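Heads up: the structure comes next, in structure tokens.
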Amino acid sequence: MVEHRPWNDIIAYAILTLGVFIVAFPVYVAMIASTHDAATVVGGRMPMSPGGQALENYYRAIFVGGSRTAPEPVGRLLMNSFISAIGIAVGKICISILSAYAVVYFRFPFRKTAFWIIFVTLMLPVEVRIYPTYKVVADLRMLDTYAGLILPLIASATGTLLFRQFFMTVPDELLEASRIDGAGPFRFFWDTLLPLSVTTISALFVIQFIYGWNQYLWPLLITTQDSMQTIVTGIKKMLVTTDELAEWQLAMATAVLAMLPPVAVVVFMQRLFVRGLVETEK
Amino acid sequence: MANVVLRDVRKTYAGGFEAIKGIDFEVGDGQFCVLVGPSGCGKSTLLRMVAGLETITSGDIDIGGRIVNQVEPADRDIAMVFQNYALYPHMSVYNNMAYGLRNRRMPEPEIDTRVQEAARILELGTMLDRKPKQLSGGQRQRVAMGRAIVRQPKVFLFDEPLSNLDAKLRIAMRVEIRKLQRRLKTTSIYVTHDQLEAMTLADILVVMNSGRVEQIGNPLDIYQKPATTFVASFIGAPPMNLMPLRADEIRAQFAGDSRAGSEAGILGIRPEDFVISSETIAGGIALDLTVEAIERVGAETFIYGTRQHEIQGVAANPGDLPPGEVIVRIPGAVAPAIGERIKAVAPRENLHLFSADGRKRIDL
Amino acid sequence: MEKSAVFNNSKLLPYALLAPQLIITFVFFYWPASQAVLQSFKREDAFGLVSEFVGLENYQALFAQPEYYKSMLTTLVFSTLVAALSLSIALLFATQADKNLKAAPVYKTFMIWPYAVAPAVAGVLWFFIFHPSLGTLARPLRGMGLDWNPLLNGNHAMTLVVMSAVWKQIAYNFLFFLAGLQSIPKSVIEAGAIDGAGPMRRFWTIIFPLLSPTTFFLLVVNIVYVFFDTFGIIDAVTGGGPAGATTTMVYKVYADGRLGGDLGGSAAQSVVLMVIVIALTAIQFKYVERKVQY
């Protein structure tokens with residue numbers, strides 16, 4: 001801003017601090033709740049400072065599981081979440097970098113058709129076609145499998161568009177120099193294009209990891225065994241009882257565990273995250 | 001070592017645009033050939049056709065006795081230096097140079113020998129581990145050269161390799177490229193839009209305009225006997241003064257010389273061929289000028305004047321003088337004042353005469 | 001925009017490169033999507049054994065349901081509230097963070113991380129805070145004499161899901177608004193100041209109009225977000241209740257198909273949603289044209 005008035009900055013700091021407080025408050029409460037025992041939490045007079053049950057609560061959540069509501073320990077669900085989130089991110093990167101390479105660097109009949117076939121998938125998220133997709137996955141006997149958790153979610157155009165956009169910025173002369181240097185399509189891809197794409201790949205990985213980790217409806221639908229749930233769907237199941245009986249301290253510990261990996265990714269890879277977000281959405 | 005021969009080479013794009021309209025020339029073994037012309041004249045396209053990066057619509061390109069029309073760029077035994085250098089940004093200087101050799105499965109010790117030798121010639125020895133990003137423009141240019149040298153190809157192709165450098169570095173690199181080429185004796189084809197670069201580098205100069213060759217020859221011949229008004233105004237700076245003359249003016253000027261003919265034509269005089277003098281020269285030309293502007297550049301001075309008697313102006317080519325305006329170059333810094341009237345004279349042997357359409361030189 | 005330097009001699013390779021994505025897209029996208037359209041014209045018995053073609057009957061039945069109109073209204077209210085609130089709050093924070101504060105990058109980090117929280121988890125967090133019997137903030141509400149109970153009161157339930165959804169979406173909007181603000185040349189704002197416009201006037205006459213492409217883009221993205229990504233919030237917090245007060249159109253597709261087993265009706269709803277989303281995307285296309293110039 002142009003004016004240099006100290007109170008102007010003070011107001012700005014005040015508003016932002018309030019914002020940060022609002023943003024952090026629910027998470028803070030969850031963290032506090034995960035450190036108290038069940039009675040304190042359910043009693044409705046939970047203090048706003050940490051209790052002494054943290055280790056026990058987290059230990060039980062991860063390794064033992066709840067006594068009534070959540071038979072499956074969260075450790076297993078965390079692993080499922082990691083496998084499917086990484087599977088979705090890696091899978092999408094692999095298929096989309098290849099298809100973008102084909103569309104940008106080759107000329108062949110039906111090239112534009114192929115591009116549009118992929119592009120249209122941008123328009124319809126999995127939510128609007130859940131049951132038919134469920135049926136396909138069931139027919140392929142992929143219910144309760146990692147393939148079932150992963151494959152339907154990598155059928156989208158975002159990655160292809162992102163790589164296409166990046167490839168267009170790679171100077172034509174690099175391909176020409178490679179051709180003169182005796183590199184064919186495979187060598188050019190492997191020796192030149194892939195190393196140049198590292199940042200784009202990482203940014204896409206960060207975004208897709210978060211996307212995959214946070215999936216809810218799809219895993220909810222296709223997992224029937226508790227052992228195949230992801231952590232995000234698992235929390236809900238902890239609460240589906242008469243509320244008084246829900247083990248809230250474990251649910252909150254689970255919530256904290258469910259937030260930790262994607263939040264860590266955003267905080268520690270902020271640059272890549274912002275880049276990925278801006279480039280996949282614009 | 002090889003010669004390069006182009007026979008009626010043409011290129012038509014899918015949309016029907018004819019970029020190259022039938023080009024023939026030969027570059028002898030070890031010669032340095034420069035393609036020069038304004039932007040869009042097809043010189044880069046032609047070079048890329050020799051490289052194999054663009055397809056040929058018809059005609060033949062022959063490198064070292066082998067017709068390479070259908071041969072992949074990698075198999076033509078050529079090396080190319082690009083305008084933006086096209087260095088692999090993620091590879092070190094060493095690997096940039098070694099990449100093409102490794103793809104050809106050359107043994108590592110030999111690759112090393114060649115890269116070290118190129119690095120020594122180009123004074124890149126201390127930079128072999130750096131990435132292109134860490135180099136200055138001139139250094140990147142050297143790496144691009146190095147990448148070509150290590151291949152020891154039959155032909156070097158240069159696509160405006162100096163145009164991304166600043167003026168001073170450009171001159172230094174120009175001299176180096178020429179020295180290097182003399183030393184390696186590798187046949188070279190070099191594309192530029194800079195006529196000075198073209199003049200100083202070329203053994204053979206090919207002047208191109210809208211997909212055609214205007215003139216081929218050694219640079220001095222072209223300077224002294226431009227075949228068309230296009231060449232006359234493109235080669236030499238400032239450009240040749242071109243003055244359309246009516247048939248009667250031609251007859252008056254070249255009285256008694258049957259070669260000048262009796263039709264309208266275009267008279268050309270280079271700025272440097274004028275002398276300011278009150279004496280006319282027999283058979284030569286004398287122009288009465290009013291001085292409009294003076295440019296002093298130290299060793300020489302350019303005088304911009306307007307002719308006092310009217311000649312119908314036809315500006316036939318870009319870069320031509322506006323009708324009525326004449327540039328005179330004189331040595332030194334002593335010049336007339338603005339507004340002064342002067343007489344610029346040139347001897348008969350320095351006059352160039354072209355047909356009225358500018359397409360034909362009339363030798364006197 | 002097209003590459004001029006390409007590989008011309010490979011006939012089969014490009015198809016091989018495209019194959020994985022095309023196969024997955026056909027199996028998990030086109031096939032199910034076309035099944036949804038087909039199914040919307042059919043009626044199946046509860047076991048999926050017999051199905052008959054019924055034409056537009058599913059659609060007629062759908063538009064004869066008062067609940068469907070109710071879910072449309074719910075969706076409208078929900079998306080308007082979420083979009084309006086999250087956009088304006090995010091804009092407020094973004095304008096403050098854009099003031100060249102020393103600590104701005106720190107605030108940015110603290111503002112954007114809720115993006116990474118799963119919607120379902122966000123819902124659980126807010127549900128916990130506002131839980132009628134044990135929620136930390138439910139107690140003060142009751143103390144103020146409000147009979148707060150999102151489990152029974154539809155308006156309270158809606159308030160809660162809106163809060164959760166807004167909380168999660170602020171991060172995204174903040175990030176884009178901040179980027180938009182930072183791309184406005186400082187000289188334009190300084191010119192405004194020299195022309196005598198005060199900070200508020202500058203905001204409404206210079207900054208806000210220059211920000212309008214960002215705002216419009218975010219508006220569309222937010223509506224799509226409310227339509228689909230909030231499913232987890234609603235399912236975790238209210239399960240569509242109480243008495244359908246938070247059943248949005250997407251939630252109804254899910255609930256009718258799963259709990260009711262009415263696959264034809266659910267498919268018809270899917271098709272209606274597809275049409276809405278395609279319309280929304282078509283609007284958004286105007287803004288991605290730069291990206292897709294085929």
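See the values below:
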quantity: Charge dipole (debye, nearest 20) of segment A:6-162; +1 at Cβ of Lys and Arg, -1 at Cβ of Asp and Glu; calculated: 620 debye
quantity: Selected from B:Ile303, B:Ile20, B:Ile216 as most flexible by GNM, with chain B as the system and alpha-carbon contacts under 10 Å; calculated: B:Ile303
quantity: Reachable lysines, given that their alpha-carbon falls under 23 Å from the alpha-carbon of C:Lys102 and they are not under 8 places away in the same chain; calculated: C:Lys186
quantity: Set of lysines near B:Lys185 by C-alpha distance (under 22 Å), chain-local residues within fewer than 8 positions excluded; calculated: B:Lys154
quantity: All lysines inside 19 Å of C:Lys108 as judged from Cα atoms, apart from same-chain residues fewer than 8 positions distant; calculated: C:Lys99, C:Lys168
quantity: Stokes-Einstein D (µm²/s) once Rh is taken as the Kirkwood radius of segment C:157-241 over alpha-carbon pairs, at 4 °C in 1.567 mPa s; calculated: 87 µm²/s
quantity: J(HN,Hα) series, segment C:72-78, from Karplus relation 6.51 cos²θ - 1.76 cosθ + 1.60, nearest Hz, glycine and proline x; calculated: 5, 4, 4, 4, 4, 4, 4
quantity: The protein assembly as shown - charge dipole about Cα centre, Lys and Arg +1 at Cβ, Asp and Glu -1, debye rounded to 20; calculated: 1080 debye
quantity: Cβ-placed point charges (K, R +1; D, E -1), dipole of chain B about Cα centre in debye, nearest 20; calculated: 1240 debye
quantity: Selected from A:Pro125, A:Pro73, A:Pro262 as most flexible by GNM, with chain A as the system and alpha-carbon contacts under 10 Å; calculated: A:Pro125
quantity: Positive-end residue of B:Pro73, B:Leu135, B:Gln116, charge dipole of chain B with Cβ unit charges; calculated: B:Gln116
quantity: Signed unit charges on C-beta, dipole axis of the protein assembly as shown, positive-most listed residue A:Met228, C:Val226, B:Gln195; calculated: A:Met228
quantity: Among the listed pairs B:Lys43/C:Lys3; B:Lys11/B:Lys179; A:Lys237/C:Lys252, those beyond 22 Å (Cα-Cα); calculated: B:Lys11/B:Lys179
quantity: In Hz, Karplus ³J(HN,Hα) per residue of segment B:342-359 (6.51, -1.76, 1.60; θ = phi - 60°; x = Gly, Pro); calculated: 10, 10, 9, 10, 9, x, 4, 6, 9, 8, 10, 10, 10, 5, 4, 7, x, 8
quantity: Within a Gaussian network of chain C (alpha carbon springs, distance under 10 Å), most fluctuating of C:Val121, C:Val162, C:Val106; calculated: C:Val106
quantity: Relative contact order, percent, chain C [alpha-carbon distance under 8 Å, six or more residues apart]; calculated: 27 percent
quantity: Cα-based shape type of segment A:1-148, given that a ≥ b ≥ c are square roots of the gyration tensor eigenvalues and the cut on a/c is 1.5; calculated: oblate
quantity: Fraction of antiparallel bridges per DSSP, the protein assembly as shown only, in percent to nearest 5; calculated: 75 percent
quantity: Alpha carbon convex hull of segment A:172-246, volume per residue in cubic angstrom; calculated: 134 Å³
quantity: Dipole axis of chain B (+1 Lys, Arg; -1 Asp, Glu on Cβ), positive-most option in B:Thr228, B:Phe158, B:Val213; calculated: B:Phe158
quantity: Convex hull of Cα atoms in the protein assembly as shown, direction-averaged projection (nm²); calculated: 52.7 nm²
quantity: Average projected area [Cα convex hull, segment C:82-219], square nanometres; calculated: 10.3 nm²
quantity: Semi-axis lengths, Å, chain C, gyration tensor of Cα atoms, sqrt of 5 times eigenvalues; calculated: 38, 33, 17
quantity: Cα-only radius of gyration and Dmax that characterise segment A:51-126, units Å; calculated: 21.8, 67
quantity: Overall Cα dimensions of segment B:160-250 - principal axes, largest extent first, Å; calculated: 55, 27, 23
quantity: Segment B:218-289-segment B:105-164 distance, computed between alpha-carbon centres (Å); calculated: 46 Å
quantity: Of every Cα-Cα pair in segment B:180-305, the percent that sits beyond 21 Å; calculated: 55 percent
quantity: For chain B: span of alpha carbons on each principal axis (Å, largest first); calculated: 74, 45, 35
quantity: Residue-averaged beta-carbon neighbours from other chains (10 angstrom radius) around C:96-104; calculated: 5
quantity: Tail fraction, Cα-Cα pairs, segment C:49-136, threshold 21 Å, whole percent; calculated: 63 percent
quantity: Residue mean of other protein chain beta carbons inside 10 Å, A:133-139; calculated: 4
quantity: Averaged over A:20-31, number of beta-carbon atoms from partner chains that fall within 10 Å; calculated: 6
quantity: Karplus (6.51, -1.76, 1.60) ³J(HN,Hα), θ = phi - 60°, over segment A:129-141, in Hz, Gly and Pro reported as x; calculated: 10, 5, 5, x, 5, 4, 5, 4, 5, 5, 5, 7, 6
quantity: Protection proxy ranking, peptides C:31-38, A:127-134, average beta carbon neighbours within 10 Å, highest first; calculated: A:127-134, C:31-38
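Laboratory data are not the source of any read-out in this text; all were calculated from the coordinates shown. Values in this document were obtained by computation on a predicted structure and should not be read as measured data. Using ideal geometry, Cβ is built from the backbone for each residue, glycine included, and neighbour counts are taken over all protein chains shown.
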